[in-house]
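Worksheet for the structure shown next.
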Amino acid sequence: MPKKNIAVYPGSYDPLTNGHIDIIERGLKIFDKIIVAVLKNPDKTYLFSLEERQQILRSVFKDPQRIEIDHFEGLLVDYVNRKGINTVVRGLRAISDFEIEFQMAMMNRKIEPRIETIFFVPSDAYSFLSSKLVKEIYQLGGEVSSLVPQIVDLKLKEKFRPQK
Ligand code: ADP
């Protein structure tokens with residue numbers, strides 16, 4: 001059987017947005033399987049715990065043959081090496097993403113030249129969308145239902161407006 005073409009898509013996913021989903025769907029046109037790797041960075045404060053972020057992903061993506069949900073701590077290249085994978089997927093929004101993504105891809109290449117980073121560009125409907133913006137809008141009483149899957153809308157409600 002030919003070897004499967006697998007990529008890792010790392011991120012915070014705090015929380016998952018339609019922008020992430022758009023990138024995963026584009027990735028699946030090229031790769032047999034995408035491993036969505038949720039980052040646990042002890043120096044970062046998240047709205048959703050690692051378990052919640054993974055649970056949201058698992059409830060949205062129900063085909064583990066093609067979309068596996070996993071997590072990692074520490075260096076991405078170490079995780080990718082442990083998995084024996086060669087490709088990292090990232091999303092590129094407006095110009096603002098370019099510098100940091102470029103820096104990260106170059107640094108990862110320096111540490112592990114074997115690993116390639118591939119960028120996907122989302123639909124223009126999501127090119128302004130970020131998890132941070134979703135949280136801010138929701139916290140200020142705005143609507144995010146067209147920007148996130150239904151489960152995320154519900155989870156945001158539980159966090160920010162529990163009594164309503
Ligand atoms: P990180 O903390 O690693 O940036 P995120 O969950 O914010 O984690 O993002 C993970 C990846 O998904 C990054 O490459 C980011 O650029 C990309 N991404 C996030 N939101 C979008 C979006 N709306 N459209 C395209 N790519 C996105």
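What follows is calculated from the coordinates using simple rules that are stated; it is not laboratory data. No experiment lies behind these values; they were computed from the predicted model shown. Note that we place each Cβ from the backbone using ideal geometry, even for glycine, and neighbour counts take in every protein chain shown.
The figures follow:
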{"read-out": "Qualifying GluC sites (Glu not before Pro) in segment 67-135, DSSP loop, other Cβ atoms within 10 Å at most 12", "value": "73"}
{"read-out": "Rounded tilt (10° steps) of 50-60 against the dominant C-alpha axis of the chain", "value": "90 degrees"}
{"read-out": "Global geometry of segment 6-160, whether rounded, prolate or oblate, following the gyration tensor of its Cα atoms and the 1.5 cut on a/c", "value": "prolate"}
{"read-out": "Ascending count of other beta-carbon atoms within 10 Å, so fewest first, for 93, 161", "value": "161, 93"}
{"read-out": "Proximal charge balance of residue 101 [Cβ under 12 Å; K/R count +1, D/E count -1]", "value": "0"}
{"read-out": "Calculated FRET efficiency for the pair residue 157/residue 112, C-beta based, R₀ 45 Å, to 0.05", "value": "0.65"}
{"read-out": "Nearest-ten-degree value, helix 150-160 long axis tilted from longest Cα axis of the chain", "value": "60 degrees"}
{"read-out": "For residue 136, net neighbour charge (Lys/Arg +1, Asp/Glu -1) across residues whose Cβ lies under 14 Å away", "value": "+1"}
{"read-out": "Candidate aspartates and glutamates - alpha carbon under 20 Å from residue 40, same-chain residues fewer than 8 apart omitted", "value": "14, 51, 52, 68, 70, 73, 78, 101"}
{"read-out": "Qualifying lysines (Cα of each under 20 Å from Cα of residue 29; at least 8 residues distant if same chain)", "value": "3, 4, 62"}
{"read-out": "Simple spin-label estimate for residue 65 and residue 83 in nanometres, 7 Å along Cα-Cβ", "value": "1.9 nm"}
{"read-out": "Helix 95-111 axis, angle to the chain major axis (alpha carbon atoms, nearest 10°)", "value": "40 degrees"}
{"read-out": "Nearest-20 debye value, segment 6-160 charge dipole, Cβ charges on Lys, Arg, Asp, Glu", "value": "240 debye"}
{"read-out": "Order of 63, 153, 70 - criterion: other Cβ atoms within 10 Å of each residue's Cβ, fewest first", "value": "63, 70, 153"}
